[in-house]
Amino acid sequence: MNFSKYTKEFSTNLSIAYPIMLGQLGHILVALADNLMVGQLGAPQLAAVSLGNSLVFIALSLGIGFSFAITPLIAEADGAGDIEKGRLHFHHGIIMCAVNGVLLFVLLLFAKPILYHLNQPEEVVELAIPYLEIVALSMIPLMTFQAFKQFADGLSQTRHAMYATLLANVVNVVFNYFLIYGIWLFPRLEVEGAAYGTLISRFFMLILIIYMLKRKEKFKPYFHWGSKDHIKLSEFKDLIRLGFPTALQMLFEVAIFTAAIFLSGILGTNAQAANQIALNLASMTFMIAVGLGVTATIRVGNQKGKGDFPNLRRIAFSIFLQVFLIEAVFAVGFILLKDVLPPFYIDNQEVIFLSAQLLIVAALFQLSDGIQVTILGALRGLQDVNIPTGICFIAYWVIGFPISWYLGKGDQMGSQGIWIGLLAGLTASAIMLYFRFNYLSKKLIKQQ
């Protein structure tokens, strides 16, 4: 095999992906800042943030999944040189995401009593409820931000969202410091302080990205708003046609990781805290794959707009190869640093020991997780979303979850067994999605 035809695309892939990686990593760093600062208060407080975020992550998966529909539509319109079509996608995408933000806020408020019925430690639930109430409100600015981000990503302009996200992280850390510990004139709010820091930073992030995009010539044609006749039901149908299955894909994956949090909670507070530490570390490396997954959506969408299917397939495979190599490095790093990283979060020897065990499994599923998310991105660029949604459901809930549930019992493998189930689900997803993309890309080439 001539690898050079794939490796020569690596620099182009990274030039598009690295701002997405840093921007997505920024979202995880918000959680990291919460975990590191709250972790100093104790295991129950850290477990409360984990439990509260378990419902928030489900809501996020739905909202972000819908917003992902904007990127392939914008990328295809950009590849075809059709600004008017791109403008319609952009405007309708903003409306859809803003409405989704409000709906998710309300949904989280109605869902919070669920936490009392999940067999979680009572002290953890009592701390998690007010945290959840505050973070739920941040769904509104965050989902609106996503519309602007996915629009800019679709035009291959990925740096602006990165700048907004990273600066928002600075705001988050500053307000966390003041509000968690009660520094200077601020009250000591502990877990609730972390939630307020997140809320403030997300409003800041939205305002900043709007300001940046409106000042750039590249985006000005898209900011011309039309009359009420400009709003078309067919546009919302296109966004929902792509967005709803994508939201389900993300929901199925996020939900199985959320189930891992609940299963860990049944094992006890220390097991849940360990799960949160390992999950937070794995999430940071996963953002690298997410960046390349969005790059796959953008570049495949561009080639689809141009009708160049041989290059579409070659570019997609270059991204699959690249993410495999990067995740292999992270896998080795997790194994070598499994005893070094957990103490940064908490000073509890049992939690540190359990976290180190989980990082061994996390090292293995780096490869599967990276490959499956980039293939999903490529299929999204082809606007193929329905069958991949079925694949995700089978992989995570027919294969992965039963294994997590059985091996995760206290008399089996405990926390490590839960994560072996995650590994099985991710690996099954990667294999089935690969066969799907291979079939579709060959079919498109033959039909030319």
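Things worth noting here:
- When only alpha carbons are used to place a centre, region 81-131 and region 148-221 end up 17 Å from one another.
- Solvent exposure ordering (accessible area, 1.4 Å, most first) of Asp78, Asp339, Asp153: Asp339, Asp78, Asp153
- Most mobile listed residue (Arg314, Arg159, Arg299) in the chain, GNM with C-alpha springs under 10 Å: Arg314
- Cross-link partners of Lys216 among lysines, defined as those whose alpha carbon lies under 25 angstrom from its own and excluding same-chain residues fewer than eight positions apart: Lys85, Lys149.
- Proximal lysines relative to Lys443, as straight alpha-carbon distance under 26 Å, when same-chain residues fewer than 8 apart are discounted: Lys5, Lys8, Lys304, Lys306
- Shown are Trp419, Trp225, Trp184, whose ranking by accessible area with a 1.4 Å probe and every protein chain present, most to least, is Trp184, Trp225, Trp419.
- Structural descriptor for region 139-268: relative contact order 20 percent, calculated from alpha carbon pairs under 8 angstrom and at least 6 residues apart.
- Cα gyration tensor shape of region 113-221, rounded if a/c is under 1.5, else prolate or oblate by comparing a/b with b/c: oblate
- On Cα atoms only, tilt of 70-79 relative to the major axis of the chain in degrees: 30 degrees
- What separates the Cα centres of region 379-401 and region 284-313 is a distance of 17 Å.
- About its Cα centre, the dipole of the chain is roughly 1900 debye, where the only charges are +1 on Lys and Arg Cβ and -1 on Asp and Glu Cβ.
- Protein-only accessible surface at a 1.4 angstrom probe places the residues His89, His117, His224 in the order His117, His224, His89, largest first.
- Packing-based ranking of 59-65, 109-115, 71-77 yields 71-77, 59-65, 109-115, ordered from highest to lowest mean Cβ neighbour count within 10 Å.
- Mean separation of Cα pairs under 8 Å and 6 or more residues apart, divided by the residue count, gives region 307-410 a relative contact order of 30 percent.
- For the chain, the relative contact order works out to 22 percent when only alpha carbon pairs closer than 8 Å and six or more residues apart are counted.
- Expected 222 nm ellipticity per residue - DSSP helices of 4 or more, -39500 (n - 2.57), all of the chain, to 500: -28000 deg cm²/dmol
- Between 0 and 90°, nearest 10: helix 309-336 axis offset from the chain longest Cα axis: 20 degrees
- Here region 167-270 exposes an accessible surface that is 68 percent carbon and sulfur, computed with a 1.4 Å probe and the other protein chains kept in place.
- Helix 191-214 vs. the chain, principal-axis angle (Cα, 0 to 90°, nearest 10): 20 degrees
The values are calculated or read from the model by the stated rules, or taken from the named source; none is laboratory data. Since the structure is predicted, the reported quantities are computational estimates derived from the model, not experimental observations. Counting neighbours? That spans all protein chains shown, and the Cβs are built from the backbone with ideal geometry, glycine included. The accessibility values were calculated without ligands, DNA or RNA, using every heavy atom of the protein model including side chains. Shrake-Rupley method; radii C 1.70, N 1.55, O 1.52, S 1.80 Å.
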